[in-house]
1. In nm², what is the average projected area of the convex hull enclosing the Cα atoms of the chain?
2. If you take the Cα atoms of region 22-176, find Rg, then find the Kirkwood Rh from the mean of 1/r over all pairs, what is Rg/Rh?
3. Please identify the longest segment of the chain free of exposed chymotrypsin sites (Phe, Trp or Tyr not before Pro), where exposed means a DSSP state other than H, G, I, E or B and no more than 16 other Cβ atoms within 10 Å.
4. Do any of Lys50/Lys137; Lys160/Lys221; Lys165/Lys205 go past 26 Å between their Cα atoms, and which?
Amino acid sequence: MASLATNCAGLVLRNPILSASGTFGHGLEMQHFAPPSCLGGLVSKTVTLKPRHGNPHPRIAETEAGLLNSIGLENRGIEAYLRDVLPQMASADCVVVTNIGGERVEDFAELAACLDARPEVDALEINLSCPNVQGGKLPFSTDPRMAEAVVRGVRAATRKPLFAKLSPNVTDIGEIARAAEAAGADAITAVNTLLGMSVDWRTGKPGINTVMGGYSGAGIKPVALRCAWQCVRSVRIPVIGCGGIATAHDVLEYLVVGCRAVEVGTACFSDPSQLARLAPEIARLLEERGIESIEHLIGTLRTTLPVQPAPAGAR
Ligand SMILES: Cc1cc2nc3c(=O)[nH]c(=O)nc-3n(C[C@H](O)[C@H](O)[C@H](O)COP(=O)(O)O)c2cc1C
């Protein structure tokens, strides 16, 4: 049996598959479809300091090749998360990652401080796509200085491994990844949703109430894969790929470009149980090719470009 275990940011993952934030609840609600024991890890929906009702409906629209969403970070806030959700996560037989979001640099650090002492949490993922209310509402992830400030604040508040989750909606994602690494991130998650919109020409109505929203799913895979690869080339910390992953082949593509793990999002909506089928299918594909360990595949992209991605062992 091929080994699927991988190391990422000091965490041992039984396989490289994690759920993506906001698409799988907090994880345990979905265990009848995909038990945690089939996964490397569960990433929670973004948690904020105060409860948030989110944006007005409609806030999800289907497109030809994926989803548009403008959920607006609906969640019950950190108090309810600490009290009601985390105690249950203690029984999750996989790595548990809490995704945090804020409107100010200080919000992120405060959230990290609240979570630091909780043993149920193995790592934090920082959702840098949140709008910065002190800086013209542009997402933190679009400015390397803001991204660095957020990660630095969180780093000072916790010793838990930190994933900095980046937005693809930037000119040079490598620059943002380097800023997050310099500020103390232990891994980069690449990427969050692409900015998109849809419209029904008959009614003239946009697909979602906010007109523009986050585009995800199959259609974004080439963009997200490119972003992940650019991050791999830009930093020495591990990169976790995310965007348009639905099949075992998709997962393996991200590993070949150098990611040490992946997160699966939109695909969970059409069939949450497929998350549980990915690892056995990957093992089968590796065995078919005579590859003993997933580690042997990571970063094996064959390119004639002068600058090669750093070898997997260097991260
Ligand atoms: C309905 C929905 C809600 C999401 N909520 C969050 C969230 O709360 N925090 C976050 O960091 N990303 C959130 N995301 C982004 C996903 O975690 C993921 O980065 C993105 O959808 C790309 O992956 P995918 O193509 O596999 O869905 C959400 C995505 C969707 C579709």
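Bear in mind these aren't lab numbers, they're just calculated from the coordinates by the rules spelled out. For clarity, every value in this text was computed on a predicted model and none was experimentally measured. Reconstructed Cβ throughout: ideal geometry from the backbone, glycine too, with neighbour counts over all protein chains shown.
1. Projected over every direction and averaged, the Cα hull of the chain covers 15.9 nm².
2. Expressed as Rg/Rh, it is 0.96.
3. Here the longest segment lacking exposed loop sites spans 34-200.
4. Checking Cα-Cα distances, Lys160/Lys221; Lys165/Lys205 exceed 26 Å.
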